[in-house]
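*Asks:* Submitted below is the structure of interest, expressed as structure tokens.
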Amino acid sequence: MTFYDDIYPFYPSQRTPFIFSTSLLTIILVFLVLAVSFLLILPGIRGKSRLFWMFRIITSLFIGVVIVALNFTSDWAEASLKANATYKSFSSAEVNAEVGLHVGLYGINITLRGNPVEQLNETIDYNEMFQWSSQIDEEYSDALEKGLPNPILYIAEKFTLNNPCGLIYQYRYSGRYASATLWTAFCCWLVANILFSMPVILYAGYMMFVTGVFIFLSMASFSTIYNLPQCHFTIGAEPLESNFSHSFWLALATGFLCALIGILVVLMDCLMPEKMKEVFSIGVDGCEDENYEGESYFNTNLVETVTLDGVIISKESTKVDNQTKL
């Protein structure tokens, strides 16, 4: 039994657990770099608009990073339980562990952590990822070859293509539509930020509201997994039931934030448009030029003629006109 370093026979391959999504880490780092870059510009902004500009940039980047990151998180829905279950195939040994199922838009993440962690001369701490793809059966076969614990294999089998539960079709298509609407929301967020930098604040508010609408649509799409009869999981004597988790509620909060910003911008632009232009620093230079009341001088010796609307005016003609007027 110890020929393979405490791994049960027929399973010589060491496990390679899923730890953290590199795509999610890349997204967070990119937006952190953007945030730091914009904050470095902050000292160059004068007046009261500095604080508003900082608040606007941080809020906008927060919305953007949340929309993109939600595509790669694995906790839209979660389920967990503590139970005594058989550990490996071809063995009757049982372990006391906490089993977790984490559902994302692109796959599931199954965890198994012993209580205590050290049992049966092993460290029971597994974290395995299975993607929604046509190769999910191959991933399940690889999990069998690795000798993953029975609770992980039991849950993963429910999401295979040939399983009678058909969970993969419910979760995969709802996740695809939710991801598509989230990327559409991200595009609307980009357009809204472009419009905020132009003298079209009203349309920027509209696009911000539309961003929130598409986030709500992604949540509605993911929620359809609960409209069909659910396949029950039973590990030991305990049922495993999933509920909405952190990413779902974060999407809800971000959607409300986008909708609130859009509604406030539209109302404020309709009620006090001049104040909104001042707040967003639009048309400030033009106003300063219109309100300038100082004296101006024009040196006629430098210009012999001036063309105005197709009429050529020379210095001699101006002198004649002045004499005739006198």
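The values are calculated or read from the model by the stated rules, or taken from the named source; none is laboratory data. Since the model is a prediction, treat every value here as computed from it, not as a measurement. Heads up, the Cβs are rebuilt from the backbone with ideal geometry, glycines too, and the neighbour counts pull from every protein chain shown. The accessibility values were calculated without ligands, DNA or RNA, using every heavy atom of the protein model including side chains. Shrake-Rupley method; radii C 1.70, N 1.55, O 1.52, S 1.80 Å.
*Asks:* Give the residue that is farthest from the chain's Cα centre (by Cα), with candidates limited to residues of the stretch 231-258 that are open to solvent by 10 Å² or more (accessible area, probe 1.4 Å) and free of Cβ contacts under 8 Å to residues at least 60 places away in the same chain.
*Replies:* Looking at the filtered set, the residue picked out is THR234.
*Asks:* Another question about this same structure. From the list GLY262, GLY283, exactly one residue is surrounded by 10 or more Cβ atoms within 10 Å (Cβ to Cβ) and at pLDDT 75 or above. Which is it? Write out each step before concluding.
*Replies:* Working: GLY283 fails: at pLDDT 75 or above.
Just a single option satisfies the conditions, and that option is GLY262.
*Asks:* Could we say that LEU105 is in contact with a helix residue (DSSP H, G or I) (Cβ under 7 Å, 6 or more places away or on another chain), crowded, with 19+ Cβ neighbours inside 10 Å and assigned to a strand (DSSP E or B) here?
*Replies:* No.
*Asks:* Right, another one. State whether the residues of the stretch 229-238 include one that is small (Gly, Ala, Ser) and within 23 Å of TRP183 (Cβ to Cβ).
*Replies:* To start, the set of residues in the stretch 229-238 that are small (Gly, Ala, Ser) comprises 236-237.
With the extra rule that they be within 23 Å of TRP183 (Cβ to Cβ), the set shrinks to none.
No: zero hits.
*Asks:* For the stretch 75-98, which positions are closer than 30 Å to THR254 by Cβ and touching a Ser or Thr at 6+ places or on another chain (Cβ under 7 Å)?
*Replies:* Those that are closer than 30 Å to THR254 by Cβ and touching a Ser or Thr at 6+ places or on another chain (Cβ under 7 Å): ASP75, TRP76, ALA77, GLU78, ALA79, GLU98.
Every residue, every condition in (1) modelled with pLDDT under 80; (2) in a helix (DSSP H, G or I); (3) at negative phi, yes or no:
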| site | (1), (2), (3) |
| --- | --- |
| PHE3 | yes, no, yes |
| ASP6 | yes, no, no |
| PRO17 | yes, no, yes |
| LEU24 | yes, yes, yes |
| LEU29 | no, yes, yes |
| LEU34 | no, yes, yes |
| PRO43 | yes, yes, yes |
| PHE52 | yes, yes, yes |
| PHE55 | no, yes, yes |
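*Asks:* Quick check: anything in the stretch 221-230 buried (at least 20 other Cβ atoms within 10 Å of the Cβ) and either of a type in the set (Asp, Glu) or at pLDDT 90 or above (or both)?
*Replies:* Yes, the stretch 221-230 contains a residue that is buried (at least 20 other Cβ atoms within 10 Å of the Cβ) and either of a type in the set (Asp, Glu) or at pLDDT 90 or above (or both).
*Asks:* Here is a further query. Between a first residue in the stretch 158-170 that is on the phi > 0 side of the Ramachandran plot and a second residue that is open to solvent by 20 Å² or more (accessible area, probe 1.4 Å), which pairs have beta carbons less than 8 Å apart while being 6 or more apart in sequence or on different chains?
*Replies:* Final answer for the pair search is GLY166/CYS231.
*Asks:* So which of PHE72, PHE55, PHE90, PHE31 ends up being in contact (Cβ under 8 Å) with a residue 24 or more places away in the chain and surrounded by fewer than 16 Cβ atoms within 10 Å (Cβ to Cβ)?
*Replies:* Details: PHE72 fails: surrounded by fewer than 16 Cβ atoms within 10 Å (Cβ to Cβ); PHE55 fails: in contact (Cβ under 8 Å) with a residue 24 or more places away in the chain; PHE31 fails: surrounded by fewer than 16 Cβ atoms within 10 Å (Cβ to Cβ).
Step by step, each of PHE72, PHE55, PHE90, PHE31 is checked, and only PHE90 is in contact (Cβ under 8 Å) with a residue 24 or more places away in the chain and surrounded by fewer than 16 Cβ atoms within 10 Å (Cβ to Cβ).
*Asks:* Right, next: Look at VAL95 and say whether it is touching a Gly at 6+ places or on another chain (Cβ under 6 Å) and buried (at least 17 other Cβ atoms within 10 Å of the Cβ). Full working, then the answer.
*Replies:* Values: touching a Gly at 6+ places or on another chain (Cβ under 6 Å): yes; buried (at least 17 other Cβ atoms within 10 Å of the Cβ): yes.
In short, yes.
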